Amino acid sequence: METTTEKLILPHDLVEKVLKVYEPAYHCQNRYLLLMGGAGSGKSFFAAQKVLHRMRHSAGHRFVVVRKVARTIRNSAFQQLKDVAEFMGWKEEFKFSESRMEVAHENGSTLITTGVDDPEKLKSLAQPTGIWVEEATELSAREYRQLDLRLRGNTQDYLQIIFTFNPISKKNYLYSQFYARNNKNAFEVKTTHDQNEHVGDAYEEMLAEMKELDPEYYKVYALAEWGENSNAIIYNYKIVPRMPNTLDEVLYGLDFGFNNPCAMVRVAYHEKDIYLEEVFYRRKLTTPQIIDLMNTRQINQTDHIYADSANPDKITELQRAGFNVKHAEKSVFNGISKVKEYHIHVVQNSTNLLNELDNYVWKTDHDGNLLDDPEKHNDHACDAIRYAIYSHLGKRKQSIIWGHSG
Ligand SMILES: Nc1ncnc2c1ncn2[C@@H]1O[C@H](COP(=O)(O)OP(=O)(O)OP(=O)(O)O)[C@@H](O)[C@H]1O
Ligand SMILES: [Mg+2]
């Protein structure tokens, strides 16, 4: 990810009005502009400055300002847009529609606001030319991907999504998408409150107090460092373009489902690195259809396949078709522990698998303490991974490390 640009000068109407630290973000034309920072560092204010400035300087913009929940926009992003227009002396050029929460410039550029909880409005967006996602960590990975798909097409000006957010958790899609791997289309500006001379001492004191009371909060909101405090089970994976050439062995995990998806995952390893790739992930598959898919995806008859042992009949059918399918070891906690011993890499086209990983979390009790059991929802590909790794590698390595445990 990029974090610096060559020195360029600001247009005269922005000089002294934009905080120094955001100057590179003004010039940045990358598809993804990440304004990551602690509380009160001026992220939202700058995002509003950049969006309104672009609307003024070229006609025909159609900006969309998005937040997870539509009703939270009025007092956050929409208010910020009005404050910025006022502060910049641009109020006369723009028309703010309070009821629709929309903005129009006299040159014809427009801005609408919407929540991702309003799918009808999202679908109706006609070719936006720019998006600002306020409090972007609120979105799920899937919601982000759908938004990303909306920004396409040929425009004279560059297409950009601005994300404003606090780095609350490495479990978030923003971390896996932009920080766990090098994304050449992304540009980051990281800021803290002390780079914003417009917030007062009271603010400083409030954050200093947090240092004692809640160090994790202080880390995120004062220092702008990624929070660790999450119930994600597997959060430190990296996304890779393809399977590497050097591998010790390739295995498969298979989780059956009919109304739920049937998931097959390729699991390859090399020393302490595990590589995962979705083979298929589909609902309503009959066993003959599973066999067909395995043939077309070139699963060899000698490959080790570990399948859900709750379906012995399906396993027998696959074995009759010539596949080397075995009953998986299903101990959940031990299986997950084994998976977490490896550095995990996921091949990028594994969309469903990535969605599952982003939402694969430990159950918590009433006090928020983590339990030893994952939440049971959308964990089909995750189960398949666990079956392959624990059944094939679990017992063997475990007997070396904990020789007494059998
Ligand atoms: N360039 C600026 N000129 C004048 N005031 C500014 C400027 N940038 C920020 N401020 C002031 O600082 C306050 C905090 O900025 P802002 O709300 O953008 O912070 P933030 O980084 O979005 O914080 P949070 O993480 O809490 O959302 C704003 O309400 C505004 O009053
Ligand atoms: Mg903000």
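We did not get these values from a lab; they are worked out from the coordinates using the rules stated. Remember, predicted model here, so these are calculated numbers, not experimental data. Cβ coordinates were reconstructed from backbone atoms using ideal geometry, including for glycine residues, and neighbour counts include every protein chain displayed.
Summary of values
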{"quantity": "The stretch 121-177-the stretch 256-334 distance, computed between alpha-carbon centres (Å)", "calculated": "34"}
{"quantity": "Ranked Trp132, Trp362, Trp226, criterion: other C-beta atoms within 10 Å, fewest first", "calculated": "Trp362, Trp226, Trp132"}
{"quantity": "Net lengthening on full extension, Asn154/Glu375 (0.36 nm per residue, minus Cα-Cα)", "calculated": "75.3 nm"}
{"quantity": "The stretch 238-405: radius of gyration over Cα atoms, expressed as a fraction of 2.2 N^0.38 Å", "calculated": "1.02"}
{"quantity": "FRET efficiency for Lys20 and Leu223, using Cβ-Cβ distance with R0 set to 22 Å, rounded to 0.05", "calculated": "0.70"}
{"quantity": "Mean Cβ count within 10 Å, highest first, over the residues of peptides 312-325, 85-98", "calculated": "312-325, 85-98"}
{"quantity": "Sequence-distant aspartates and glutamates (8 or more away, or on other chains) whose Cα lies within less than 20 Å of Lys219", "calculated": "Glu135, Glu138, Glu188, Asp194, Asp201, Glu204, Glu205, Glu209, Glu228"}
{"quantity": "The chain: angle of helix 380-389 to the longest principal axis, Cα-based, in degrees nearest 10", "calculated": "50"}
{"quantity": "Filter on Lys82/Lys211; Lys121/Lys184; Lys82/Lys238; Lys68/Lys95; Lys43/Lys121 - keep pairs with C-alpha separation over 28 Å", "calculated": "Lys82/Lys211; Lys121/Lys184; Lys82/Lys238"}
{"quantity": "Cβ-based charge dipole, the chain, positive-most Cα from Gln195, Ile112, Leu122", "calculated": "Leu122"}
{"quantity": "Listed peptides 144-154, 63-73, 41-51 by packing density, highest first (mean Cβ within 10 Å)", "calculated": "41-51, 63-73, 144-154"}
{"quantity": "In Hz, Karplus ³J(HN,Hα) per residue of the stretch 238-254 (6.51, -1.76, 1.60; θ = phi - 60°; x = Gly, Pro)", "calculated": "10, 9, 10, x, 7, 5, x, 7, 8, 9, 6, 6, 10, 10, 9, x, 9"}
{"quantity": "Order of Leu293, Leu34 under a 10 Å beta carbon neighbour criterion, fewest first", "calculated": "Leu293, Leu34"}
{"quantity": "Whole-Hz couplings from phi, Karplus 6.51/-1.76/1.60, listed for the stretch 154-171; x for Gly and Pro", "calculated": "9, 10, 6, 9, 6, 9, 8, 10, 9, 10, 10, 6, 9, x, 5, 7, 5, 6"}
{"quantity": "Where N is the number of residues in the stretch 85-182, Cα Rg divided by 2.2 N^0.38 Å", "calculated": "1.23"}
{"quantity": "Ranked by how many other beta carbons lie within 10 Å on average, peptides 275-287, 295-307 from highest", "calculated": "275-287, 295-307"}
{"quantity": "Degrees between helix 43-57 axis and first principal axis of the chain (Cα, 0 to 90, nearest 10)", "calculated": "70"}
{"quantity": "Normalised convex hull volume, the stretch 20-221, alpha-carbon set, Å³ per residue", "calculated": "127"}
{"quantity": "In Å, descending, principal axis extents of the Cα set of the chain", "calculated": "76, 49, 42"}
{"quantity": "Dipole-positive endmost among Ile274, Asn260, Gln319 within the stretch 238-405 (Cβ charges, Cα centre)", "calculated": "Gln319"}
{"quantity": "Taking Ser391, Ser140 and counting other C-beta atoms within 10 Å, the order from fewest to most", "calculated": "Ser140, Ser391"}
{"quantity": "Whole-Å semi-axes of the stretch 1-76's equivalent ellipsoid (Cα gyration tensor)", "calculated": "21, 16, 13"}
